[in-house]
Amino acid sequence: MQRVFSGIQPTGIPHLGNYLGAIRNWVKLQSDHDCIFCLVDMHSITMPWSPEELRQQTLGSAACLLAAGIEPTRLYNQSAVSAHARLGWIFNCVARLGWLNRMTQFKDKAGKNRENHSAGLYVYPNLMAADILAFHATRIPVGDDQKQHIELANDIAQKFNHDMGVDFFPEIEAFIPPAAARVMSLRDGSKKMSKSDPSEQSRIVLTDTADEIALKIRRAKTDPEPLPSEIDGLAERPEARNLVTIYAAMSETTPEAILQQFGGEGFGQFKSALTDLLVAKLAPVATETQHLLKNKDHLISVLRTGAEHARSISEPIVQEAEKLVGFIR
Ligand code: TYM
């Protein structure tokens with residue numbers, strides 16, 4: 001059975017982009033893959049953080065993922081399994097600075113003020129490669145924004161294999177959904193929906209109430225034209241395209257089918273139908289998340305069990321990698 005690994009930063013409640021780009025596919029893959037899902041708390045401290053918020057958000061994200069259908073034994077937090085840090089260090093010594101300099105995420109996050117960011121943010125992709133390769137996972141369900149990181153992980157694996165003269169780390173494959181791989185902000189169709197956007201109106205999070213969803217969709221930026229009947233009509237209309245994409249992905253159909261239904265109409269009726277759809281699909285997740293959050297001890301024990309499972313797979317692999325580089329074990 002093919003092994004699947006994926007991760008999410010517990011830096012806030014997962015949003016609709018995380019759900020459509022990643023989480024929903026994680027849930028589906030569980031039926032016929034050996035899946036491991038990780039709350040990457042070590043990645044979350046590559047940007048400034050508050051320890052108390054990190055604790056709360058790790059539990060909040062765990063609750064959300066379980067509520068969305070992730071199997072409890074498959075879920076853990078990264079820092080609880082030492083294989084990540086150990087292999088991450090080895091990869092810091094395998095990856096080349098030139099490779100890291102090409103990473104667009106570092107450029108986006110660091111902006112003009114590079115000197116003032118943590119070294120951790122710079123080597124973020126090496127830790128991400130370690131996350132995956134510590135499990136010899138081969139299929140990585142992610143949104144479109146992680147593609148470059150997956151390519152780098154393959155470069156690292158190849159260089160490791162070449163330098164050590166072995167065929168130890170497998171080639172990995174990004175598993176990107178055909179639709180909604182990049183859900184955009186509700187306020188600006190040129191920006192990705194993101195946890196770090198200062199405007200809460202820019203994203204729908206999985207714990208939003210029906211009223212919050214309705215308000216955010218009502219306020220979502222659109223344009224004055226009615227919806228087109230053909231897909232080409234969305235080419236220059238990023239906000240309209242984003243809402244149609246969300247509608248199609250949530251109802252598991254195509255944007256073309258949605259336009260057949262709503263083409264020629266204004267946004268009023270479309271937005272109201274989209275709200276109903278989102279509420280119907282997301283409200284059960286929000287209710288179950290709130291329920292799970294009432295028992296934090298249970299959530300902690302779920303993560304501990306998941307960590308044991310993750311350790312049992314990654315420990316022999318990372319020990320072997322340590323032997324290959326010449327560490328005495
Ligand atoms: P993170 O926490 O930013 O996002 C988690 C997952 O959600 C996807 N995603 C989106 N998909 C569609 N539209 C969006 N607007 C959107 N925003 C986020 C992301 O592509 C991702 O799949 N570096 C990773 C976490 C990570 C990881 C890993 C992933 C660490 N180690 C190993 C896979 C394998 C990240 O920051 O994801």
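Amide H of PHE175: which non-local residues (sequence gap of 5 or more, or other chain) have their own amide H closer than 5 Å, using H built in the peptide plane?
Long-range HN contacts for PHE175: ILE140, VAL142.
Quick one: length gained pulling ALA235 to ASP211 fully straight, 0.36 nm per residue minus the C-alpha distance?
Full-extension gain reported as 5.6 nm.
About the Cα centre of the chain, what is the dipole size in debye to 20, counting +1 per Lys and Arg Cβ and -1 per Asp and Glu Cβ, all else neutral?
The calculation lands at about 680 debye.
Between ARG55 and SER196, how many nm apart are label points set 7 Å from Cα along the C-beta direction?
2.5
Whole number in Å², please: accessible area per residue of the range 94-168, 1.4 Å probe, ligands, DNA and RNA not counted.
48
Please report the antiparallel percentage of the DSSP beta bridges confined to the chain, to the nearest 5.
Among the beta bridges of the chain, antiparallel pairing accounts for roughly 15 percent.
About the Cα centre, and with charges only on the beta carbon of Lys, Arg (+1) and Asp, Glu (-1), how big is the dipole of the range 200-291? Nearest 20 debye, please.
So the magnitude is around 220 debye.
Normalised by the residues of the range 200-291, what does the relative contact order come to in percent, with Cα pairs under 8 Å and at least six apart?
Across the range 200-291, relative contact order equals 40 percent.
Hey, could you get me the Stokes-Einstein D for the range 200-291, Kirkwood radius over alpha-carbon pairs, 4 °C and 1.567 mPa s, rounded to whole µm² s⁻¹?
95
Averaging over all projection directions, find the projected area of the Cα convex hull of the chain and quote it in nm² with one decimal place.
Mean orientational projected area (the chain, Cα hull): 17.6 nm².
Within the set LYS109/LYS271; LYS195/LYS281; LYS28/LYS294; LYS112/LYS147; LYS195/LYS296, which residue pairs have Cα atoms separated by over 30 Å?
The pairs that break the limit, which is 30 Å between Cα atoms, are LYS109/LYS271.
For the range 73-137, taking Cα atoms only, what is the radius of gyration to one decimal and the Dmax to the nearest whole Å?
13.1, 42
Could you tell me the relative contact order of the chain? Use alpha-carbon pairs under 8 Å, at least six residues apart, and round to a whole percent.
24
Once you have the Cα-Cα distance between SER312 and MET164, take 0.36 nm times their residue separation minus that, and quote the gain in nm to one decimal.
Here the answer is 50.8 nm.
At 0.36 nm per residue, and after removing the present C-alpha to C-alpha distance, how many nm does the segment from ALA119 to ARG102 gain when stretched out fully?
Using 0.36 nm per residue and subtracting the Cα-Cα distance, I get 4.6 nm.
Using 7 Å Cα-to-Cβ label points, what is the THR254/ASN92 separation (nm, one decimal)?
Each label point lies 7 Å from its Cα, and together they span 4.9 nm.
Before rounding to the nearest 500, sum -39500 (n - 2.57) across all DSSP H runs of length at least 4 in the chain and divide by the residue total; then give [θ] at 222 nm in deg cm²/dmol.
The helix-only estimate for the chain comes to -16000 deg cm²/dmol at 222 nm.
Which ³J(HN,Hα) values in Hz, rounded to whole numbers, follow from the phi angles of the range 204-215 under the Karplus curve 6.51 cos²θ - 1.76 cosθ + 1.60, where θ = phi - 60° and Gly and Pro get x?
Rounded to whole hertz, the list is 9, 9, 5, 9, 4, 7, 4, 5, 5, 4, 4, 5.
Give the relative contact order (percent, whole number) for the range 20-164; include only Cα pairs under 8 Å separated by 6+ residues.
Taking the mean separation of contacting Cα pairs over the length of the range 20-164, I get 30 percent.
Just to confirm my numbers, what's the Cα centroid distance between the range 159-211 and the range 232-289 in Å?
20
Once phi is turned into θ = phi - 60°, what whole-Hz ³J(HN,Hα) does the Karplus curve with 6.51, -1.76 and 1.60 give for every residue of the range 322-328, x standing for Gly and Pro?
Here the 3J(HN,Hα) series is 5, 5, 4, 7, x, 6, 7 Hz.
Shape verdict for the range 51-168, please, from the Cα gyration tensor: rounded (a/c under 1.5), prolate (a/b greater than b/c) or oblate.
It is oblate, given that a/c is not under 1.5 and a/b is not larger than b/c.
Mind giving me the FRET efficiency for ASP276 and GLN319? R0 is 51 Å, r the Cβ-Cβ distance, nearest 0.05 is fine.
The pair ASP276/GLN319 has a calculated efficiency of 0.45.
The values are calculated or read from the model by the stated rules, or taken from the named source; none is laboratory data. Being a predicted model, the structure only gives us computed values, none of them experimental. Please note: Cβ atoms are built from the backbone with ideal geometry, for glycine as well, and neighbour counts cover all protein chains shown. Note: areas computed on protein heavy atoms with side chains; ligands, DNA, RNA excluded. Shrake-Rupley method; radii C 1.70, N 1.55, O 1.52, S 1.80 Å.
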